[in-house]
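Trainee: Please read through the structure below; I'll follow up with questions.
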Amino acid sequence: MVFSIEKDVVVLGSGAAGLTAALAAALEGVEVGLYEKAEVLGGSSAISGGVPWVPLNHHQDEAGIADSREEALAYLASLSLDRMDPALAEAFVDNGRATVQWLEDVTELRFTLLPRYPDYHPENPGGKPDGGRSLDPGLFSYASLGPWQDRVARSRRSAHLMITDTTLGGGTGFLDEAEMQRRIDNDLRGCGNALVGPIIKALLDLGVEPVVGATATDLLLEDGRVVGVRLTIDGEEHEVRARRGVVLATGGFEWNTDLVSEFLRGPMTAPTSVPTNTGDGLLMAMRAGARLGNMGQAWWVPAVKIPGDVTFGAQRSNLVNRERTLPGSIMVNRAGRRFTNEASNYNALGGSFHQMDPVTFGYANLPAWLLFDERHAQRYGSFGTPAGQPVADWIPRADSLRELAEAVGIDPDGLEATVARWNGFVDSEQDEDFHRGDSAYDRWSGDGNFRFTKASTMGRIDQAPFYAVPVESGTLGTSGGPRIDAHGRVLDTRLLPIPGLFAAGNVAAAPTAMAYGGAGGTLGPILVFGRLAGLSAAAAS
Ligand SMILES: Cc1cc2nc3c(=O)[nH]c(=O)nc-3n(C[C@H](O)[C@H](O)[C@H](O)COP(=O)(O)OP(=O)(O)OC[C@H]3O[C@@H](n4cnc5c(N)ncnc54)[C@H](O)[C@@H]3O)c2cc1C
């Protein structure tokens with residue numbers, strides 16, 4: 001085989017998984033090639049909240065938070081539905097603390113704890129109602145990235161906000177003007193940009209110059225060993241040799257509608273990630289003979305599409321968290337019935353979209369709507385419209401519940417009965433149907449003025465006009481793919497490592513399977529396994 005480029009380790013994809021793998025390998029002194037399909041670096045990781053969930057991280061020591069290996073593993077096991085490989089859960093928990101420390105040692109990242117952010121199932125065994133496992137990456141100055149300053153994917157919503165400033169992290173979502181100006185002047189960015197920026201800087205400082213506009217199309221094999229990869233760079237085909245190994249870090253397959261319908265357990269029509277995540281790594285791994293795992297799963301979210309909101313050339317889907325959790329809103333199906341605890345964490349809530357109705361042989365809770373009243377709209381704002389402002393024109397509304405139901409296609413009798421029942425639950429402070437507000441997580445996520453009480457999430461719906469926003473089954477990224485071992489090696493159908501092939505991140509079967517432990521439940525394992533895959537690839541001969 002004739003190669004036009006030669007490296008020791010070739011990393012495909014520049015999200016958190018690829019960047020961490022590349023940095024770990026480069027620090028071992030091997031020559032690393034980092035290739036990214038998009039014209040900008042960072043993938044979904046760059047537009048994410050940037051929060052990793054890492055049990056036993058060293059910031060817990062400073063805050064006096066008690067955690068243990070046993071608690072962390074018991075907690076993950078309680079969310080596993082017996083689908084998690086215990087060896088991978090142990091590798092995550094055992095390497096988490098060292099990975100956070102390592103990132104702070106070798107990059108400018110300085111995490112802080114997200115104060116009191118509860119785990120997503122805090123009442124489960126080993127869960128933490130007072131938080132301590134979710135980390136905020138803070139702010140990072142993009143001015144220090146030189147020519148790469150404007151070549152990282154960014155979300156205009158949160159570019160200059162830390163996660164703690166956002167409503168998700170317990171803030172208001174707004175900064176005072178002077179502070180916002182200071183951050184703009186210094187190009188200080190938070191959330192996902194703050195997570196990936198320092199790792200990119202560390203790579204650049206080590207002389208690893210990423211290549212963007214580079215799409216990997218095929219793995220190159222010799223005698224069953226992966227020896228390189230075929231890439232299209234600026235329209236030209238290259239065969240790149242990887243002397244030690246190739247790390248797949250190309251994200252999930254959520255933007256590939258064929259793969260979505262072939263593999264996912266139910267409908268998914270609203271990916272919130274970068275549109276370049278089309279399952280390329282999955283297909284390459286399949287052709288190389290990889291065993292697949294967790295294929296029906298994704299990191300689920302309820303999502304809303306705001307007409308005209310286009311990002312990276314595609315209709316954007318927004319995770320709906322705040323509006324469904326705040327008082328004065330519920331979610332209903334076409335029968336006008338509630339079908340879930342609206343305040344539960346987004347990943348678990350995704351399951352309710354896939355509930356089958358055996359009589360109609362259809363999905364009982366799709367389509368679905370978020371219903372709220374004028375008081376909710378005025379007090380909290382909605383979908384980008386600030387509090388006190390008129391609700392955006394694209395949102396259907398009516399002066400009565402009946403008229404609204406008829407206009408959007410909900411059963412009117414069902415809706416009236418449901419709202420009356422819900423208002424009764426609010427008055428008695430007990431959601432007898434779905435237990436909204438019972439968990440510490442629900443009571444944390446709603447209105448901060450009533451934090452830790454049920455009033456933070458339970459409120460009557462009785463002030464016209466009423467609004468109904470279509471909510472879709474979406475994802476932050478799929479979580480199935482080639483199975484890996486505790487060293488990040490891709491396994492074949494006999495569960496033996498495929499020589500020269502490694503994977504990390506959403507391209508691979510998630511080490512925690514369906515478990516989404518808390519805020520950062522995907523990025524925590526991704527950073528840990530990204531590093532492990534990079535170290536293993538660098539050590540391969
Ligand atoms: C809005 C939003 C908020 C989120 N917030 C959080 C959070 O706070 N905490 C958390 O834990 N999770 C969060 N998530 C989920 C998290 O961002 C993802 O799980 C994670 O970023 C995936 O990392 P990755 O490295 O596997 O993939 P990505 O970051 O998506 O990177 C994959 C990269 O591979 C590139 N690529 C694809 N195909 C090829 C190819 N053929 N050749 C070369 N490159 C290729 C893609 O262009 C992309 O840049 C959020 C997601 C979204 C969308």
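The values are calculated or read from the model by the stated rules, or taken from the named source; none is laboratory data. Treat the numbers as computed from the prediction; the structure is a model and nothing was measured. In this analysis, Cβ positions are derived from the backbone assuming ideal geometry, glycine residues included, and neighbour counts consider all displayed protein chains. Side chains included, ligands, DNA and RNA excluded: accessible areas come from the protein's heavy atoms. Shrake-Rupley method; radii C 1.70, N 1.55, O 1.52, S 1.80 Å.
Trainee: Roughly how much of D462 is accessible, in Å² to the nearest 10, using a 1.4 Å probe?
Mentor: 70
Trainee: Over the chain, what is the percentage of antiparallel beta bridges among all DSSP beta bridges, to the nearest 5? Don't jump to the answer; show the numbers that get you there.
Mentor: On the way: 51 of 69 bridges.
Roughly 75 percent of the beta bridges in the chain run antiparallel, per DSSP.
Trainee: For Cα pairs less than 8 Å apart in space and 6+ apart in sequence, what is the mean separation divided by the residue count of the chain, i.e. the relative contact order in percent?
Mentor: Values: 1348 pairs, mean separation 126.1, N = 541.
Relative contact order for the chain comes out at 23 percent.
Trainee: Which whole-Hz ³J(HN,Hα) couplings does region 317-328 yield from phi under the Karplus relation 6.51 cos²θ - 1.76 cosθ + 1.60, θ = phi - 60°, glycine and proline marked x?
Mentor: 10, 10, 4, 9, 10, 5, 4, 7, 9, 5, x, x
Trainee: Specify whether the C-alpha gyration tensor of region 122-275 places it in the rounded, prolate or oblate class, a ≥ b ≥ c being the square roots of the eigenvalues: rounded for a/c under 1.5, otherwise prolate if a/b is larger than b/c and oblate if not.
Mentor: oblate
Trainee: Right, another one. Taking only protein heavy atoms and a 1.4 Å probe, what accessible area per residue, in Å², does region 1-106 have with all protein chains in place?
Mentor: On the way: 3850 Å² over 106 residues.
With the other protein chains kept in place, region 1-106 gives 36 Å² per residue.
Trainee: Continuing with the same structure: Name the residues whose placed amide hydrogens come within less than 5 Å of the amide hydrogen of G131, ignoring near sequence neighbours (fewer than 5 apart) on the same chain.
Mentor: Counting only residues 5 or more places away or on other chains, the set is D119.
Trainee: Nearest 10 degrees is fine. How inclined is helix 412-428 to the longest principal axis of the chain, computing both from alpha carbons?
Mentor: 90
Trainee: Compute the angle between helix 523-539 and the longest alpha-carbon principal axis of the chain, please, reported from 0 to 90 degrees and rounded to the nearest 10.
Mentor: 10
Trainee: Now a separate question. Along region 285-293, what does the Karplus equation 6.51 cos²θ - 1.76 cosθ + 1.60 (θ = phi - 60°) give for ³J(HN,Hα), rounded to whole Hz, x for Gly and Pro?
Mentor: 5, 4, 5, 7, x, 6, 7, 9, x
Trainee: Still on this model: Using helices alone, I'd like the mean residue ellipticity at 222 nm for the chain: each DSSP H run of four-plus residues gives -39500 (n - 2.57), total over residue count, nearest 500. Let's see the in-between values first.
Mentor: On the way: 16 runs with 155 residues, N = 541.
It lands at -8500 deg cm²/dmol.
Trainee: For the chain, what is the number of Lys pairs with C-alpha distance below 30 angstrom, counting only pairs 8 or more positions apart or on separate chains? Walk me through the numbers on the way to the answer.
Mentor: Details: K7/K37; K7/K201; K37/K201; K37/K305; K128/K454; K305/K454.
So the count works out to 6.
Trainee: Here's a follow-up. Specify the inter-centroid distance of region 220-264 and region 59-136, based on alpha-carbon positions, in whole Å.
Mentor: Here the two parts' Cα centres lie 31 Å apart.
Trainee: Let me ask something additional. May I ask for the angle, rounded to the nearest 10°, between helix 191-205 and the longest principal axis of the chain, with both axes built from Cα atoms and the value confined to 0 to 90°?
Mentor: The helix 191-205 is inclined about 10 degrees to the chain.
Trainee: Kindly sort F92, F450, F174 by accessible area of their heavy atoms, largest first, with the probe set to 1.4 Å.
Mentor: On the way: F92 0, F450 90, F174 150 Å².
Greatest to least solvent exposure: F174, F450, F92.
Trainee: Amide H to amide H, which residues 5 or more places from S329 or on other chains are under 5 Å from it, using H placed in the peptide plane?
Mentor: Residues meeting the amide H criterion: G459.
Trainee: May I ask you to evaluate 6.51 cos²θ - 1.76 cosθ + 1.60, the Karplus curve with θ = phi - 60°, for each residue of region 69-80 and list the ³J(HN,Hα) values in order in whole Hz, giving x for glycine and proline?
Mentor: Here the 3J(HN,Hα) series is 4, 4, 4, 4, 5, 4, 5, 4, 4, 5, 10, 8 Hz.
Trainee: Which of rounded, prolate or oblate describes the chain when judged by the alpha-carbon gyration tensor and an a/c cut-off of 1.5? Mind dumping the intermediate values first?
Mentor: On the way: a/c = 1.76, a/b = 1.63, b/c = 1.08.
Here the chain falls in the prolate category.
Trainee: May I pose another question? Apply the a/c threshold of 1.5 to the C-alpha gyration tensor of region 381-439 and tell me whether it is rounded, prolate or oblate. Please report the intermediate quantities before stating the final value.
Mentor: Values: a/c = 2.60, a/b = 1.28, b/c = 2.02.
Cα axes put region 381-439 in the oblate bin.
Trainee: Please compute the contact order of region 481-523 in relative form: average sequence separation of alpha-carbon pairs under 8 Å and at least six residues apart, divided by the residue count, as a percent. Write down the numbers at each step before the final one.
Mentor: Details: 41 pairs, mean separation 15.0, N = 43.
Reported relative contact order: 35 percent.
Trainee: Per residue, how much accessible area does region 148-213 show when a 1.4 Å probe rolls over the protein heavy atoms, in square angstrom?
Mentor: Values: 2890 Å² over 66 residues.
On a per-residue basis, region 148-213 sits at 44 Å².
Trainee: For region 401-475, with the dipole built from +1 on Lys and Arg beta-carbon atoms and -1 on Asp and Glu ones, taken about the Cα centre, which of G459, S428, N449 lies farthest toward the positive end?
Mentor: N449
Trainee: Place +1 on the Cβ of every Lys and Arg and -1 on the Cβ of every Asp and Glu in region 196-248, take the dipole about the Cα centre, and give the residue among A242, G213, A202 whose Cα lies farthest towards its positive end.
Mentor: A202
Trainee: Residues of region 395-501: accessible area per residue at 1.4 Å, in Å²? Write down the numbers at each step before the final one.
Mentor: Values: 4360 Å² over 107 residues.
Heavy-atom accessible area per residue stands at 41 Å².
Trainee: In whole percent, and with a 1.4 Å probe on the protein chains, what portion of the accessible area of the chain is carbon and sulfur? Don't skip to the answer; put the middle values down first.
Mentor: Values: 10190 of 20000 Å².
That share works out to 51 percent.
Trainee: Show T167, T250 ordered by accessible area, largest first, where the area counts protein heavy atoms only and the probe is 1.4 Å. Kindly include the intermediate steps, with their values, before the conclusion.
Mentor: Numbers: T167 55, T250 30 Å².
Reading off the accessible areas and sorting them downward yields T167, T250.
Trainee: At most 12 other Cβ atoms within 10 Å plus a DSSP loop assignment makes a site exposed; report the longest stretch of the chain without any exposed trypsin sites (Lys or Arg not before Pro). Spell out each step's value before the answer.
Mentor: Working: sites that count: R156, R494.
Longest run free of exposed loop sites: 157-493.
Trainee: Would you pull out the residues with amide H under 5 Å of V227's amide H, same chain only if 5 or more places away, H placed 1.01 Å from N?
Mentor: L220, L221, E222
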